[in-house]
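In what follows, a structure is listed as structure tokens, so that the remarks can point back to it.
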Amino acid sequence: MKQHPHLTFLSDFGSRDHYVAAVKGVIYRICPRARITDITHETSPHNIVEAAFTLAQCYRYFPRGTVHLAVVDPEVGSNRNAILVKSSDYFFVGPDNGLLSLVCAREKVIEIFNIEEEDYFQKPVSPVFHGRDIFGPAAAHVANGIQIESLGSSTKEMRGLDFPGISKPEPDTLLAIVIHIDRFGNIITNVRCEDLVSEEHQRKPRFIQINEVSIKDHFQYYEEAVKGELFSLFGSAGYLEIATRQGSASELVGAHLGTQVTVYV
């Protein structure tokens, strides 16, 4: 019995419109045996950094050979390339706009192809819906086991991502930003666990400043905190988070994507 190929799908299409269903319909027509897991379609519109972060947190938990389809494509219709990346364990399909660069930094990339061969496209190709007409079909054909070389020309380069880094204006001060807010209102910053390692020991922040709010407590898990109290912890993705027990930290401090966070260590 043939196995059911695994695909994942991440986008900023949301759930109220037809876009996600249209892409899935095309995939199922090409690869009826596919099993599609929706990572999320609630990425902030056009936010490539947020999408890249989300994909990087979960792709490696899927079986080897999974085809990861990611479509956050503010440049749709322009001359940006559509690409397929083959790593040692996975395939990634999406626009060449930096979206796939975080996962590729963590994976052993074997080959990159520009998706060019129109025989594998959904016709007619809309200039504003490449998710349905180019990326979805390419992902489905890869899941069907085509020779990936047939999709287009090989390339050695792909665009990187201007992923925000932290700065250190003073030895004990980190300037960071908010890169994600989850559905619980937890504020995820771009400070990683390793950014707070000194002499091989993990340090915790002395306090954190965000929107003129000071946060002094740092815990290992949520239930250590008093309900309604703001605190920091290292989340499951390995980044420093600001949270409150059974509440929304982002609402309490008025945080948004890109809000500056100062960490004193």
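What follows is calculated from the coordinates using simple rules that are stated; it is not laboratory data. A quick note: this is a predicted structure, and the numbers were derived from the prediction, not measured. Methodologically, a virtual Cβ is constructed for each residue, glycine included, from the backbone with ideal geometry; neighbour enumeration extends over all protein chains shown.
Some notes on this structure:
- Relative packing of 129-141, 5-17, which averages over residues the other C-beta atoms within 10 Å, highest first: 129-141, 5-17
- Candidate lysines - alpha carbon under 16 Å from residue 227, same-chain residues fewer than 8 apart omitted: 216
- Each part gets one Cα centre, and for the range 190-249 versus the range 154-170 those centres are 25 Å apart.
- Here, the chain is characterised by an Rg to Rh ratio of 1.03, where Rg is the alpha-carbon radius of gyration and Rh the Kirkwood radius.
- Across the cross-link table entries 24/156; 168/204; 86/123, which are compared at the Cα atoms, the separations over 19 Å belong to 24/156; 86/123.
- Size of the range 108-265 from its Cα atoms: along the principal axes, largest to smallest, the extents are 59, 35, 25 Å.
- The string of couplings for the range 79-87 from the Karplus curve (6.51, -1.76, 1.60, θ = phi - 60°) is 8, 5, 7, 9, 10, 10, 10, 9, 9 Hz, one whole number per residue in order, with x for Gly and Pro.
- Value in Å of the Kirkwood radius, where the range 205-265 supplies the Cα pairs that are averaged: 11.7
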